[in-house]
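Engineer: Have a look at this one.
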Amino acid sequence: MRLCIFVACLIGQALFFKVEAQVKPLPNAHAHNDYLHKKPLLDALSYGFTSIEADIHLIDGELYVVHDKPSSLQNILTLKKAYLEPLSQHIALNKGYVYPGYSPAIYLMIDIKTDAEPTYALLKKQLTPYASLLQTKNNPDGRVKVVLSGNRPTGTVQQEATPLVSIDGRPEDLAANHASDFMPVISQNYSKVLKWNGEGTIPEADEQILRKLAVETHKQGKKLRLWASPEKLNVWKSLLEAGVDFINTDKLQELQTFLSAQTKP
């Protein structure tokens, strides 16, 4: 019986990776609140996403992946079970890659919902066994770049000699010109940057604001992301054309279809 279960697991893994080997990685695809999908992490990878977001709460000495503090922990996944261990196994099965032959690191954006310092202390401890997989200043060939958002322990990470994580910046952080290995992404709420509701074409004034922000971000070697943007094709197209690097979405298949069409000759 155990042998049958083991063989079934191997077949399931083989089928998943066979399908995934045919998936084209999408450098502009960001899976917002990825843990809400039927198969956290795996669904996003099956569609070629290269940036994946998970919210975490520190509860009773463990890190749980959930947006709001739950009344019960039943059926709530931990960060390790939902992301860290699967990513490790995934990279091992793909012979050192997240996507076969794709060398750029994927982004694991961890949005801290509880107090920054105690949550980060435990997160750092949990990340340490996976250090060889993480892209850092001292390990540029790591396959996963962990970026902390939400309640960010910015000062603590900045003081560390060899941090395993980086920080998700905000437009106001551009004035400090932080190193891109410390702050690789600049993110902001869509409505704080643009007034456009996504209907029709983007107003010229909004387009100029967006292009200017993208240029300033790229000058520092950073990537730009706007969260809570309207889930509309014309918005995605306008964001891409203006230089936004990560398109934020809950609609994995729709964004994959859109981005795949943009890259065709």
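Engineer: Can you tell me which residue is surrounded by the fewest Cβ atoms within 10 Å (Cβ to Cβ) among those in segment 100-150 that are among the aromatic types (F, W, Y) and either within 18 Å of L41 (Cα to Cα) or touching a Gly at 6+ places or on another chain (Cβ under 8 Å) (or both)?
Structural biologist: Y102
Engineer: Could you pull out the residue among V235, V215, V244 that is farther than 26 Å from G155 by Cβ, assigned to a loop (DSSP other than H, G, I, E, B) and of a type outside the set (G, A, S)? Lay out the reasoning, then the answer.
Structural biologist: Working: V235 fails: assigned to a loop (DSSP other than H, G, I, E, B); V215 fails: assigned to a loop (DSSP other than H, G, I, E, B).
Answer to the check: V244.
Engineer: Given the options V165, V244, V215, V185, name the one that is among the hydrophobic types (A, V, I, L, M, F, W, C), in contact with a Gly (Cβ under 8 Å, 6 or more places away or on another chain), surrounded by 19 or more Cβ atoms within 10 Å (Cβ to Cβ) and on the phi < 0 side of the Ramachandran plot.
Structural biologist: So the residue among V165, V244, V215, V185 that is among the hydrophobic types (A, V, I, L, M, F, W, C), in contact with a Gly (Cβ under 8 Å, 6 or more places away or on another chain), surrounded by 19 or more Cβ atoms within 10 Å (Cβ to Cβ) and on the phi < 0 side of the Ramachandran plot is V185.
Engineer: How do the strands (runs of 3 or more DSSP E) wholly within segment 14-100 filter down when requiring 3 or more residues that are under 13 Å from the mean Cα position of the chain (by Cα) and in contact (Cβ under 8 Å) with a residue 60 or more places away in the chain: which remain?
Structural biologist: Details: elements: 26-31, 49-59, 62-65.
The qualifying strands (runs of 3 or more DSSP E) are 26-31, 49-59.
No value in this document is a laboratory result; all are computed from the given coordinates. Model, not experiment: these values are computed from the prediction. Every residue, glycine among them, receives a Cβ derived from its backbone with ideal geometry; neighbour counts consider all protein chains shown.
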